[in-house]
Each structure stands twice: as C-alpha cells, then as structure tokens.
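First up is the structure itself, then whatever we jot down about it.
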C-alpha cells in the first residue's frame, strides 16, 4: 500500500465561482484527476480528507470502514460550535444498528406509496402560492413567496408543527448552519430550537393529533415506548430543518437553471413526461448538499493510492462525484434527456436521504405548476448578481427576484 503526502495548507470549503454559480468549484476537476483523495484544513483548525471521484465517494458512503458517528473524536466539523450539535446527534450521525433502529421508526412515512397520497395536498398548496404570486405586483421574491413556504408548509403539516412558528425555527436553523455564527450564537440558537421542540412534545402528549410527531409521542416515547425524549427532539429538529431547507434551495436554483437553459425548458413544455428525469438532472447538476456527507475512518483503510488512518475525518464531495466525467460524460452540460438516476445528490448507502421521495414530488409539482401557469416567468436580476449562499452547509439562494 502506498501513502500520499498531501499538503494540509489547502483550506476547505472551496467556494463556487461567482461567474459560474451553478458549477462545482473548478478546483474539484483538478483534484479528481491529480489528487482524488486530498487533505485539507477545515475552518475549525482540524484536518480532513476530501474525496472527489464518483466511485470513491460511493465507497466512503457505503463502507462500514467509514463511520457516520458524530460523537467520535476527530469527526470533521466546519464551524465553531458544531460540536455542540454533535454531542447528542440525530440518527443521520449514527452508525447501524442504532441508525437503522431510528430510521425504521420513520421510513413508512416516506415511502413512495405514502408520499404519493400527499400529491393532492401539495398541489393545492402550490396552486394557492401561485395565486398569491399572480395577485402581487412583480417583481416578487420567489424564495419568500414560493420556494420556502411550499416545503415548510408540507413538512410542518406532516410533523404536526404549527406553521405560524416557521419564522422562529427558520431563523434559528440558519444561525446554527450558516457557518458565519459564533459558537455562542450557534449554541444559543440550538438551545432555543431544542426547547421549542421539547415544549411541542409536551403539547402533543396532552393533545395528540393526526401527525407524525403525535404518533412518535404516543407510540414510541419513553417510558411507555423505546424512544428517549432527547433523541425524539433531535430527530424532529433534523426532519424539520432538512424538510424545508433542502427543497427550498432546489426550487429556487432549479428555476434559475431552467430559465438559463431555455431550450431545455422548451423541451419540458413540449413533453411533460420528461419532467421526472429533468428533476434527476437538476439534482445532479446542482448537488446542493455537496459537503454534508462527512465521515471518520473507523479503521485504517486504503482508498485508491491513499491510506486513511483510523480517526481521520473524510468528506465525500457529492458535487464532485456528480460532475465526474467518467460517470457523467460532459458533466457541465445540463440535459433533461440525460439518464442520471444514479447520481449521489441524496447521498448513497444506508444513510441516503430519507425524504427523497417527498422532495422529488414537491419539485415535480412546483416546476410543472410554475412554468405552466406563469409561462413568461423570468429572473429580474443578472444571474451572477443574485444572493447565493456561499459558505453555508447547503447551497442555495437567499433571495430570487422574478417577474413575468
């Protein structure tokens, strides 16, 4: 086995370029061809490996040699205060069998069959939001008026979280995950989120409803069940945050991507059956959760020509994998006809995104309704001047002015 001697002076995360905001950082291409397993310095001062080849990324995300356990010493963190979140991590930061144990509690709510029954409700929500947009005088901020309310309303209804509290949990979630907050600010916001969810659990104990949180409280919560209160708090916070933030970013970025490729949008207008495949291509092309798939080596493991030592952090870069030309020829070409279901935008292996079926449905209804009801929709500002979420754990847009 050979061991590389990479530089630890390279800083990470590596930012996307303002002139090409939808492409992964150009540095990923060079690393993939010259240094596919490279060592970097994290903002917290720690050191970790980054992986850029498609097959290597899938290996890291599927091999038990690489642990998702966020409580292990040395687990890679991107901003000060993140360690506080990992002291009692959600189940996505656990390994089997604990991860499998908690995931089984939720999986029935996110199967393709169960999600399919949600289409009428999602369509009604989309129709109402589009009605409100059309009633307003353009320009309109698509993030505020549509991209954020849609997934927020859906996940709030599914969980049983009052939507009128959305401004509170969205602002606190941004503080925790923005990367620009101090440890004190992140810790305070996380504490407020935990207190909010703990109080909501108490309300569900007193008056359960027809929602997922009520089901978990009545059937699983200790002492009658097998779910500790602290774990339920973190489970629901993770679902609440992931359920609105990721899809919101995909809607806004997806709209801009389609408008920037009018010939591809015209193909969707001509053949609506292309839309499911187009959504897969958007997921691949944008890969907004690029660096969220962090791991730590559970044992000495060779990856390509590099030995990853036990206890060393590793980051499987999803955007780098989804733009690997060995797997996706001409990856910088956005093509709604491309067969791309094997992308890793939702991760890979046992930790693959639990809510991917729901996300796909929300994206399908959102794009089909927006572009059919507002065929003259266009961005009301230069693309390279939009407010992108550079430095955040999830890439997206802070705002998207549109007109018609």
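Miscellaneous remarks
- Cβ-Cβ FRET estimate between residue 302 and residue 124, R0 fixed at 60 Å, reported to 0.05: 0.70
- Most fluctuating residue given options 332, 121, 355, as computed from a GNM of the chain linking Cα atoms under 10 Å: 121
- Candidates 266, 147, 135: whichever shows maximal mean-square fluctuation once the chain is modelled as a Gaussian network with Cα springs under 10 Å: 135
- Extension gain (nm, one decimal) between residue 108 and residue 398, 0.36 nm per residue minus Cα-Cα: 101.1 nm
- When each of 280, 362, 192, 222 is scored by the number of other beta-carbon atoms lying within 10 Å, the sequence from fewest to most is 222, 192, 280, 362.
- Calculated FRET efficiency, residue 192 to residue 337, Cβ-Cβ distance, R0 = 35 Å: about 0.15 to the nearest 0.05.
- A viscosity of 1.306 mPa s and a temperature of 10 °C, combined with the Kirkwood radius over C-alpha pairs in the Stokes-Einstein formula, give segment 27-403 a diffusion coefficient of 73 µm²/s.
- Here the spin labels are modelled as points 7 Å beyond Cα on the Cα-Cβ line, and at residue 261 and residue 163 they lie 3.1 nm apart.
- Bridge orientation summary for the chain: considering DSSP beta bridges with both residues in this region, about 75 percent are antiparallel.
- Comparing 101, 285, 388 in a Gaussian network model of the chain where C-alpha atoms under 10 Å apart are linked, the largest mean-square fluctuation is found at 101.
- Calculated FRET value between residue 62 and residue 135, using beta carbons and R₀ = 51 Å, to 0.05: 0.60
- In the chain, the DSSP-assigned H stretches of four residues or longer account for a calculated mean residue ellipticity at 222 nm of -14000 deg cm²/dmol, using -39500 (n - 2.57) per stretch and the full residue count as denominator.
No lab work stands behind these numbers, since they all come straight from the coordinates. Model, not experiment: these values are computed from the prediction. Because the Cβ atoms are built from the backbone with ideal geometry, glycine has one as well, and the counts that use them run over all protein chains shown.
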